[in-house]
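Reviewing the structure listed below.
The values are calculated or read from the model by the stated rules, or taken from the named source; none is laboratory data. Owing to the predicted nature of the structure, the values given are computational and were not obtained by experimental measurement. Every residue, glycine as well, gets a Cβ built from its backbone with ideal geometry; the counts of neighbours run over all protein chains shown. For accessibility, only protein heavy atoms count, side chains too; no ligands or nucleic acids. Shrake-Rupley method; radii C 1.70, N 1.55, O 1.52, S 1.80 Å.
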Amino acid sequence: MTTLPGPANTAFLSAGWLDAVVGRLAAPDPVPRSTVALRLTLTDPPPGVVTATDVLVDLAGGRLGLTPAGGEAPGLLIALPYAAAYDLLLGPARARVEILERGDVTVAGNFSLLFFIDAALERDRARHVAALREGTAVPPGSVRAPVVRDTQREAGAAPADAEAVERATEALPRTLRELRREVGDSTPGAQVYVSLDGKTLADAGLGVARPGVAMSADSAPLWYCCAKPLLSVALGRLWERGDFDPYLPVAHYLPAFGTGGKAAITSMELLTHTAPVPTGQDPLHGVVAGPDEERLRRAFGAVLPPRGPDTADAPTGINYSQWWAWFVLSELLPVLDGRDYAGYVEEEILRPCGMDRTRVHLTPDDYDAYGDRLPLIHVSNLGDTPQPTYFWSTRAATTRRIPGVNTRGPLSDLGRLLEMLLAGGSAPGGRVLSPTTVAAVTGRHRTGVRDRYGNADWGFGVRLECRSLGEEFTSFSHHASPRAFGHDGLWTATAFADPATHLAVAVHLNGKVEHERHRERIFRITDAVHQDLGLV
């Protein structure tokens, strides 16, 4: 292990500390794809501490490089208090993700890099993090990392779903073969649900949900953005009832939103991810799991950036919103209906569809009862072993309202949502939508724009199959029809329904990998479903 000479009370990010780092640690080469760059700017720098620091993280080798900030800004900018900066770079895994729950951190740029940075720092392959911890004083308010690595985090679990997996294998042999190929490689665990004409063909879990806990059909993985269609259905009900017009400005219903140049933004722009707020400037980056009042202040108080060629994603017209748009749209429900987002979705969608085990967000009692069994997101850096992380799995993140992201439940429940839409809005517990509204929700509302991530046409908050536009715009499967609709969960999941075949598919892999690798494995799995069923 690399060691740093000098006293153990060297001030974190002081000029002397940075001198030691630059002089004694082999910094990564900034050119390779495996190296990512970020800039940390302290909002409360103590005397003698450098205010802004550029950090290089070698995702594959685990090496770190730190220098005083200078030159062109990198693609990820983080402004945060001094103690939070220590937690981010040198703290333990849970403290690292908890900085997003504080309410005093701002992130701009490629937020998704934080998943991979977190995994690299925790894996610490080059032992740079351990060396820095030894020679660094822990700032007041920061969390000291444990001296001994937590070997329990690497423990496996006994299979929990043998009979369900066997039934799924009999019905979908190619599909289960592809899932097994990934479990233990790119992902520690998987959950799959498939139905045809409303008949369940597969409902099973494989592998590990988290160290020591098996993945089963009853596990409650994070749906991530696969939860966004819940709000689409909720607003569709209000549209159908005549209480909501998605083509009116959001400020028509929420006047407080109309500041900072946002007065003309419509709900349809938010639902189709075409509002003029670049993805990298999502106002909730940094506080996505923070206190509700701070997220509300930032989302409603956001000021539109200047329009022009330098605006991220401006040429495409696509500005995907992971967090802020769904947070704002959820505020429409109390105004239009009187119930909050969770209450409305549970009463008007989950209950009629029989989605009894799904939680829009956990209650504190839920977390106390099974928080230690929730599947964790594991992250693989360029083929490395999947590393468990605590993103969206802490008490604060699971119990706070983060619409369109932190819904949890077994994929059989997500399948029931898809089956309701395939049935023209009819569910076992009553009609949720009219067939006309289902057609409106799943119709093409965004056309003629594309981005480099394979996104093109979009519905009323749902992704649509766009393979006809080119191979790179395949959304769900090489065999899905142009009528297929659904959503993805960032590099972990996909869920879609196809009215042409009455097929519903939901797949969750709790191992997050880079974009290209994820598309390749998901398409192998979903293509296998079609091959197993003769739908090719």
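The table below lists the values:
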{"item": "Total residues in the stretch 347-378, condition open to solvent by less than 10 Å² (accessible area, probe 1.4 Å), under 17 Å from residue 403 (Cα atoms) and either at pLDDT below 95 or not hydrophobic (A, V, I, L, M, F, W, C) (or both)", "result": "1"}
{"item": "Yes/no for residue 488 being touching a strand residue (DSSP E or B) at 6+ places or on another chain (Cβ under 6 Å), without any contact (Cβ under 8 Å) to a residue 24 or more places away in the chain and acidic (Asp, Glu)", "result": "no"}
{"item": "Pair list, Cβ under 8 Å, 6 or more apart: the stretch 454-474 residue over 13 Å from residue 519 (Cβ atoms) and assigned to a loop (DSSP other than H, G, I, E, B), other residue open to solvent by 10 Å² or more (accessible area, probe 1.4 Å) and among the hydrophobic types (A, V, I, L, M, F, W, C)", "result": "456/449; 456/469; 456/473; 457/469; 460/268; 460/440; 466/473"}
{"item": "Selection count, the stretch 491-508, where residues are under 13 Å from the mean Cα position of the chain (by Cα) and closer than 24 Å to residue 422 by Cα", "result": "4"}
{"item": "Residue under evaluation residue 344, criteria (1) among the hydroxyl-bearing types (Ser, Thr, Tyr); (2) open to solvent by less than 30 Å² (accessible area, probe 1.4 Å); (3) farther than 19 Å from residue 267 by Cβ, criterion not met", "result": "(3)"}
{"item": "Elements of type helices (runs of 4 or more DSSP H) contained in the stretch 329-383, each with 1 or more residues being without any contact (Cβ under 8 Å) to a residue 24 or more places away in the chain and under 24 Å from residue 394 (Cα atoms)", "result": "341-345, 364-370"}
{"item": "Cross-chain or 6+ apart pairs with Cβ under 8 Å, the stretch 213-239 first and touching a residue at least 60 places away in the same chain (Cβ under 8 Å) and under 13 Å from residue 341 (Cα atoms), then assigned to a loop (DSSP other than H, G, I, E, B) and of a type in the set (Asp, Glu)", "result": "238/337"}
{"item": "Index of the failed condition, residue 106 passing every other in (1) in contact with a helix residue (DSSP H, G or I) (Cβ under 9 Å, 6 or more places away or on another chain); (2) open to solvent by less than 10 Å² (accessible area, probe 1.4 Å)", "result": "(2)"}
{"item": "Every residue from the stretch 480-490 that is surrounded by fewer than 22 Cβ atoms within 10 Å (Cβ to Cβ) and more than 19 Å from residue 271 (Cα to Cα)", "result": "481, 482"}
{"item": "Sole exception among (1) within 23 Å of residue 390 (Cβ to Cβ); (2) assigned to a helix (DSSP H, G or I) for residue 57, by number", "result": "(2)"}
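For every residue, the table says whether it meets (1) part of a loop (DSSP other than H, G, I, E, B); (2) under 19 Å from the mean Cα position of the chain (by Cα); (3) touching a residue at least 24 places away in the same chain (Cβ under 8 Å).
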position	(1), (2), (3)
27	yes, no, yes
45	yes, no, yes
87	no, no, yes
96	no, yes, yes
117	no, yes, yes
